[in-house]
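Reviewing the structure listed below.
The values are calculated or read from the model by the stated rules, or taken from the named source; none is laboratory data. Source: prediction; values computed, not measured. Don't worry about glycine lacking a Cβ; one is built from the backbone with ideal geometry, like all the others, and counts go over all protein chains shown.
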Ligand SMILES: [Zn+2]
Ligand SMILES: [Zn+2]
């Protein structure tokens, strides 16, 4: 947990992290990079960086930089990743030949029980170890801010869901945040929509779901996909998301998706106003609305509705959990409280979602309007 908090703090404390001072915004998290930089000196040399051969989540420009980072911070995460990877590998072996019935041949779970792992006690240790690996990769990804590390976290998380649709180790609520860090908003929306809509008490739906898992291969995206679905109305498409049972992380992920849409609209309008304000721009005033239409598909976006959805999501989230939104503005009390048992839901959402949220222009001010700059909240 300590590690997780450290990587989280690094991820939200960037020198250039004030999104409201960024020159432009395209609905994407500006922190995500395709090409890594040196973890110590942050340079991006033309000659290739060396990747840490043990964990493959950190890059360096020189031996000196690697050594400096290893001793000061990388060591513990690096060792944990390597150890957990090995553990997962070891636990895979017996599952390839497991006896579940004395009258049956031993079974390869990865062939015969895809989707059903959670039902077998023999698979629990494996699922738990792999779930821990997801957390480790998420922490490493917060530090490296590199696509390939987020993709490692995602591939293990999706594989856990594919192997165990019942989600006994709690991966489902983390996946939307990993997708948002990868700027895959449509996939995040589709994923949430799928899991809030499905009624597992309906036998035919359950049969469809099982079939999706049975016929899939490792690495497959097994959920329905709709281009531009992020613009859809949350409260129509994911009606059940406002139920008490729906996971709070889903609501917060949806809020981030909607805030990104609104921010894209607002910053685009702002820069167009600036452009049309110049002498050259004034000469082409007559095409202003045509250009705006080209850049912003207003029919698809329906900006009024997006703004309303943001407001409604804020209300629903705060009603469900009065800690989480104030904690986005003032995380310290939540981060420093000692939890007796399992870490609490608000803390998990904060660690996974706040980084994305605060990077959206206008998102923090939106909360500040409601709660003030450094709101107090009762941790009980
Ligand atoms: Zn360096
Ligand atoms: Zn390493």
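Couple of notes before you dig in:
- Residue pairs whose Cβ atoms lie under 6 Å apart, sitting 6 or more positions apart in sequence or on different chains, and linking a residue in the range 81-96 that is under 22 Å from residue 139 (Cβ atoms) to a partner that is within 13 Å of ligand 2 (Cβ to nearest atom) and outside any helix (DSSP H, G or I), are 81/55; 82/54; 82/55.
- With respect to being within 16 Å of ligand 2 (Cβ to nearest atom), touching a helix residue (DSSP H, G or I) at 6+ places or on another chain (Cβ under 9 Å) and in a helix (DSSP H, G or I), residue 85 fits the description.
- Any hit, the range 21-37, residues being within 16 Å of ligand 2 (Cβ to nearest atom) and either at pLDDT 85 or above or in a helix (DSSP H, G or I) (or both): yes
- Answer from 55, 41 - the residue that is over 30 Å from residue 231 (Cβ atoms) and either within 16 Å of ligand 1 (Cβ to nearest atom) or surrounded by fewer than 17 Cβ atoms within 10 Å (Cβ to Cβ) (or both): 41
- Failed item, numbered, when residue 71 is tested on (1) within 14 Å of ligand 2 (Cβ to nearest atom); (2) at pLDDT 95 or above: (2)
- Counting only helices (runs of 4 or more DSSP H) that sit completely within the range 173-272, those holding 1 or more residues that are surrounded by 17 or more Cβ atoms within 10 Å (Cβ to Cβ) and under 16 Å from the mean Cα position of the chain (by Cα) correspond to 175-181, 185-197.
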